[in-house]
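Written out below as structure tokens is the structure these notes cover.
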Amino acid sequence: MAAKLRKGDKVVVLTGKDKGKTGEITSVDPKAGKAVVDGVNVAIRHTRQSQTAQGGRVPKALPIDLSNLAIVDGNGKATRVGFREEDGKKVRFAKTTGDVI
């Protein structure tokens, strides 16, 4: 099955503590059905100091379920993703506007 959300997509969070926040997908794990979004689902991780890196409290974006994300269309609203063929190629399009993503 083709991926509806990919790395680099601008998405909005639909549910959870970060509802309404937007960000860009930095990585996707299709097997687990999760994605890491910049600035969303951030937790503080404590790291030990080493010879190369400074220790301390480091904010880290944790994975969020793909079902809780929706892609942002040209109008800045959340939309669902559909697939269609154009010039013999399968393309993704926004269901609200019909624009190719």
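The values are calculated or read from the model by the stated rules, or taken from the named source; none is laboratory data. All of these numbers come straight from a predicted model, not from anything done at the bench. Here Cβ is always computed from backbone atoms with ideal geometry, including for glycine, and neighbour counts include all displayed protein chains. Heavy atoms of the whole protein, side chains included, go into the accessibility calculation; ligands, DNA and RNA do not. Shrake-Rupley method; radii C 1.70, N 1.55, O 1.52, S 1.80 Å.
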Could you give each residue of the range 74-79 its phi-based ³J(HN,Hα) in whole Hz, using Karplus coefficients 6.51, -1.76, 1.60 with θ = phi - 60°, and x for Gly or Pro? x, 7, x, 10, 6, 9
Pairwise label distance in nanometres, Asp38 with Gln51, each label 7 Å out on the Cα-Cβ vector: 3.4 nm
Looking only at lysines whose Cα falls under 16 Å of Lys7's and that sit 8 or more positions away or on another chain, we get Lys31, Lys34
Please name which of Val37, Ile25, Ala61 has its Cα lying farthest along the dipole of the chain towards the positive end, using unit charges on Cβ (Lys, Arg +1; Asp, Glu -1) and the Cα centre as origin. Ala61
The answer for Gly23, listing residues at least 5 apart or on another chain whose modeled amide H is closer than 5 Å to its amide H, is Val11
So for Ile44, Ile64, what's the accessible-area order with a 1.4 Å probe, most first? Ile44, Ile64
Positive end of the charge dipole of the chain (Lys, Arg +1 and Asp, Glu -1 on Cβ, about the Cα centre): tell me which of Phe83, Ala94, Ala2 has its Cα farthest that way. Ala2
Once phi is turned into ³J(HN,Hα) by the Karplus curve 6.51 cos²θ - 1.76 cosθ + 1.60 with θ = phi - 60°, what whole-Hz value does each residue of the range 3-17 show in order, with x for glycine and proline? 7, 7, 10, 10, 4, x, 6, 8, 10, 10, 7, 8, 9, x, 5
Got a sec to turn the phi values of the range 89-97 into Karplus ³J(HN,Hα) couplings, 6.51 cos²θ - 1.76 cosθ + 1.60 with θ = phi - 60°, whole Hz, x for Gly and Pro? 10, 7, 10, 8, 9, 7, 5, 6, 9
Length-normalised contact order for the chain - Cα pairs under 8 Å, 6+ apart - percent: 21 percent
Which far-off residues, 5 or more places away or on another chain, put their amide H under 5 Å from the one on Ile101, with H placed in the peptide plane? Arg92, Phe93, Ala94
So if the hydrodynamic radius of the chain is defined as the Kirkwood radius over C-alpha pairs, what does Stokes-Einstein give as its diffusion coefficient at 25 °C and 0.890 mPa s, in µm² per second? 163 µm²/s
Check which residues have an amide H placed less than 5 Å from Lys34's amide H, if you skip close sequence neighbours. Asp29, Leu66
Using a simple charge model, +1 on the beta-carbon of Lys and Arg, -1 on the beta-carbon of Asp and Glu, nothing else, what dipole does the chain show about its Cα centre, in debye to the nearest 20? 360 debye
